[in-house]
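Any read-out appearing in this document is the output of simple, stated calculations on the displayed coordinates, not a laboratory observation. All of these numbers come straight from a predicted model, not from anything done at the bench. So basically every Cβ, Gly included, is an ideal-geometry build from the backbone, and we count neighbours across all protein chains shown.
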Amino acid sequence: MENSTVAAVIQQYPLEIESFECSPFGSGHIHSTYRVRAGNSLFILQEFNDQVFKYPERISGNLQVLINELQPGVLPYELPLPVKNKLGEFFTTWNDRLFRLFPFVSGVTKDGVDNPHQSKLAAEAFANFVKAFLPVDASLLRDTIPQFHDLDLRFRQFGESVQTTRREIDSETSQLIHFYQTQEDLVEIFNAYTRHLPKRVTHNDTKINNLIYHEDLTRVNAVIDLDTIMAGYVFYDFGDLVRTVVCTEDEASHNWDHICVDLDKYESLIEGFYLPLIESIGSEELASLPFGGEMMTCIMGLRFLTDYLNGNKYYHITYETQNLHRAKNQSRLLQSLRDNRPRIQELVDQVRIRS
């Protein structure tokens with residue numbers, strides 16, 4: 001980013017800054033992010049992508065709800081909210097571009113966990129977020145990405161793409177289409193849960209790289225990336241953790257026969273997520289959590305395959321069949337999750353007995 005732009009944006013904040021240094025920061029794919037050293041203070045300056053998040057005013061409103069409702073000392077880590085500018089607003093407009101300024105939180109971010117202890121810490125952090133806002137009326141929040149985790153909608157979009165695709169359907173694609181078509185029973189479970197379970201304040205993007213660990217990886221310093229905070233179901237947050245933590249291969253892997261569930265990491269997620277919440281949410285909510293892993297994995301597989309069938313219009317790719325391969329990767333994880341349902345339930349029961 002040009003220094004003149006940084007200087008102009010920084011001047012919109014009630015800060016006494018005589019000089020600054022700015023450098024790119026992080027590996028996010030949505031917003032452009034920079035670390036700014038201003039005197040002895042560090043900040044994160046972010047250029048906001050309003051093509052992906054089309055309702056920045058909803059994000060501002062949701063963050064204000066968090067500020068109004070969060071009780072001091074409830075969270076065992078920082079929740080870095082944007083600094084308000086001189087107008088008292090979270091977003092700053094400069095030359096038709098949107099910016100935000102955050103306090104900098106030291107530590108390390110990771111794209112994957114190395115061991116069950118790290119995954120347990122992650123689960124505890126996101127569970128404590130849910131717990132902190134249980135008293136809050138989730139209807140106060142507005143959807144920043146409407147129907148973000150709506151499995152029913154994603155299945156319908158997938159079905160439409162199958163009917164309208166201009167792709168030549170080879171055997172690999174045909175097998176994947178058939179696989180996801182046979183997962184429709186998950187939609188019935190999803191609809192049953194969403195008819196009865198209460199909506200909570202949920203993070204909705206519980207990937208490992210949305211945490212800042214302490215440098216020695218013994219605790220979590222902060223939960224970040226709060227743009228997707230909306231009213232949702234607790235199984236959303238547990239489910240996305242499962243999808244991104246317990247797979248034995250990363251999302252880009254083509255080692256199809258090696259993609260399965262790491263049950264040690266799954267058990268650590270159960271321990272970390274259940275224990276903070278086990279006495280605070282209903283028994284049906286607790287029972288729904290393992291479904292979240294299957295559901296979130298299915299959603300991502302459907303979205304990847306739908307995008308491939310539609311001509312790769314949404315996700316960035318580096319080769320033509322990358323979204324197809326991403327969908328295949330997720331299908332292997334989903335099948336492993338389904339195959340391991342009895343063992344996963346045993347792990348859940350063991351943790352609940354110990355609690």
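Quick notes on this one:
- Phi-derived couplings, Karplus 6.51 cos²θ - 1.76 cosθ + 1.60 at θ = phi - 60°, listed residue by residue for segment 164-169: 10, 4, 9, 6, 7, 7 Hz, with x used for Gly and Pro.
- Remark on segment 174-229: hydrodynamic radius 14.8 angstrom, per the Kirkwood mean of 1/r across alpha carbon pairs.
- Cut-off 14 Å between beta-carbons: net charge of the residues surrounding residue 42, Lys and Arg +1, Asp and Glu -1: 0
- Sorted on the mean count of surrounding Cβ atoms within 10 Å across their residues, most packed first, peptides 314-320, 158-164, 268-274 read 268-274, 158-164, 314-320.
- Distance violations [Cα-Cα > 29 Å] among 199/265; 84/207; 54/313; 84/265: 84/265
- Hz values of 3J(HN,Hα) by residue in segment 335-349 - Karplus curve (6.51, -1.76, 1.60), Gly and Pro given as x: 4, 5, 4, 5, 4, 9, 3, x, 5, 5, 5, 4, 4, 4, 4
- Distance in nm between pseudo-label sites at residue 19 and residue 165 (7 Å out along the Cβ direction from Cα): 5.8
- 222 nm mean residue ellipticity, helices alone, for the chain (DSSP H n ≥ 4; -39,500 (n - 2.57); rounded to 500): -15000 deg cm²/dmol
- A Cβ-based charge dipole, computed about the Cα centre of segment 3-103 with Lys and Arg at +1 and Asp and Glu at -1, lands at about 100 debye.
- Within a Gaussian network of the chain (alpha carbon springs, distance under 10 Å), most fluctuating of 36, 52, 246: 52
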